[in-house]
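Below: one structure, written as structure tokens.
The values are calculated or read from the model by the stated rules, or taken from the named source; none is laboratory data. For clarity, every value in this text was computed on a predicted model and none was experimentally measured. Here Cβ is always computed from backbone atoms with ideal geometry, including for glycine, and neighbour counts include all displayed protein chains.
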């Protein structure tokens, strides 16, 4: 009789799976080494900060203020300023992609500036790459503010008494360091995909070898099989997450302002969801090749494109905003960045916590129901 949940049988299943993992160095390397390698590699390669913007300066005024204005642009650290190539105009350099932008200073710039009439210059920007162009446009107000302070007289650059002034201050990431934003998100993507593959490929291999049919013929209940399968890979994935945490903190200097206990709890909920997703894929496909393809389709692409890692969820069409609610990485991405950078607590993360809990229950119940169907004649 198979009555109730027997912890001894679940432990026996877990011990069997632990022995299988220990005999498979590839799985250990995949769980512990590959996440660290990928996060280090892509953490250095992926940088949303746009630097060394090649800017051609066409100075038709050739005055001291015009030269100083170009120097201020170069001193910002984002622009690589140079003059037009000999025998070529600045527009031809933009067309040939030898420069990303051009600063055009017309005659009379210096005289207009010194006389107080107000001087203007034209900034041409290559808009073929809209993300790069948007970043560059974000730098220009700071450059103009610096130029106003350095080039205008003190009485002209200082607002009159009683005038409204707007000052900008960046919270949670004062330096706008993109790696503080990308490293936690990259950890979510990498670990989420690998945890799906762990259970999907391992269980599918048992279906192909015929050992799963023998297991289903024993008195073990579906929930005991699921618990025994999930527990070792949960511990293995948690060890991988701990290594990623150390890499983020010690290797990339990402600050951690929240609760470690809350982060551990949210991480376990996320790993349970992804491992259960892999388990569900394995019982539906029963073939390693199909399980791997389906894991990549449901794990990698949604994590990259629909989790908020690259594109903000709030900027997506309404349909995709609702669709992302079905994806565990979307909620863990929000929780992970909130705990790391903002020090968010349980109240601020109530929605991600509730969503992950519901996804855990649904995915585990679906896998158990499919196992139960296999047990019935």
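Return yes when residue 303 is farther than 25 Å from residue 345 by Cα and either outside the structural domain of residue 230 (by TED's automatic domain parsing) or part of a helix (DSSP H, G or I) (or both) and no when it is not.
Against the criterion (farther than 25 Å from residue 345 by Cα and either outside the structural domain of residue 230 (by TED's automatic domain parsing) or part of a helix (DSSP H, G or I) (or both)), residue 303 does not qualify.
Checking the conditions here, which among 88, 23, 132, 82 is over 30 Å from residue 192 (Cβ atoms) and either out of contact with any strand residue (DSSP E or B) (no Cβ under 7 Å at 6 or more places or on another chain) or at pLDDT below 80 (or both)?
Within the list 88, 23, 132, 82, the selection yields 88.
State yes or no: is residue 112 over 19 Å from residue 136 (Cα atoms) and not in a helix (DSSP H, G or I)?
Taking the combined requirement at face value, the residue does not satisfy it.
Taking residue 271 as the residue in question, decide whether it is touching a residue at least 24 places away in the same chain (Cβ under 8 Å) and either within 21 Å of residue 349 (Cβ to Cβ) or not assigned by TED's automatic domain parsing to the domain that holds residue 309 (or both).
Against the criterion (touching a residue at least 24 places away in the same chain (Cβ under 8 Å) and either within 21 Å of residue 349 (Cβ to Cβ) or not assigned by TED's automatic domain parsing to the domain that holds residue 309 (or both)), residue 271 qualifies.
Given 50, 36, which one is within 33 Å of the chain's Cα centre (by Cα) and more than 30 Å from residue 233 (Cβ to Cβ)?
50
Identify, please: which residue in the range 291-343 is closer than 15 Å to residue 359 by Cα and over 15 Å from the mean Cα position of the chain (by Cα) and is, among those, surrounded by the fewest Cβ atoms within 10 Å (Cβ to Cβ)?
322
Can you name every residue in the range 241-262 that is in a helix (DSSP H, G or I) and modelled with pLDDT under 90?
251
Across the range 1-15, what is the total count of residues that are surrounded by fewer than 14 Cβ atoms within 10 Å (Cβ to Cβ) and either at pLDDT 80 or above or farther than 16 Å from residue 220 by Cβ (or both)?
3
Out of the range 205-231, which residues are within 19 Å of residue 28 (Cβ to Cβ) and either crowded, with 23+ Cβ neighbours inside 10 Å or not assigned by TED's automatic domain parsing to the domain that holds residue 40 (or both)?
Listed by number, the residues that qualify are 229, 230.
Would you check if residue 338 is assigned to a helix (DSSP H, G or I) and closer than 19 Å to residue 185 by Cα?
The answer is yes for residue 338.
Please specify each residue of the range 165-204 satisfying the condition of being more than 22 Å from residue 239 (Cα to Cα), modelled with pLDDT under 80 and part of a helix (DSSP H, G or I).
178
Would you confirm, using the coordinates I've provided, whether residue 29 is closer than 30 Å to residue 193 by Cα, surrounded by fewer than 13 Cβ atoms within 10 Å (Cβ to Cβ) and modelled with pLDDT of 80 or more?
no
Restricting attention to the range 44-67, which residues are more than 30 Å from residue 184 (Cα to Cα) and touching a helix residue (DSSP H, G or I) at 6+ places or on another chain (Cβ under 6 Å)?
The answer is 56, 57, 58, 59, 61, 63, 65, 66.
Condition first: in contact (Cβ under 8 Å) with a residue 24 or more places away in the chain, crowded, with 18+ Cβ neighbours inside 10 Å, under 18 Å from residue 15 (Cα atoms) and in contact with a helix residue (DSSP H, G or I) (Cβ under 8 Å, 6 or more places away or on another chain). Can you find one or more residues in the range 244-265 that meet it?
no
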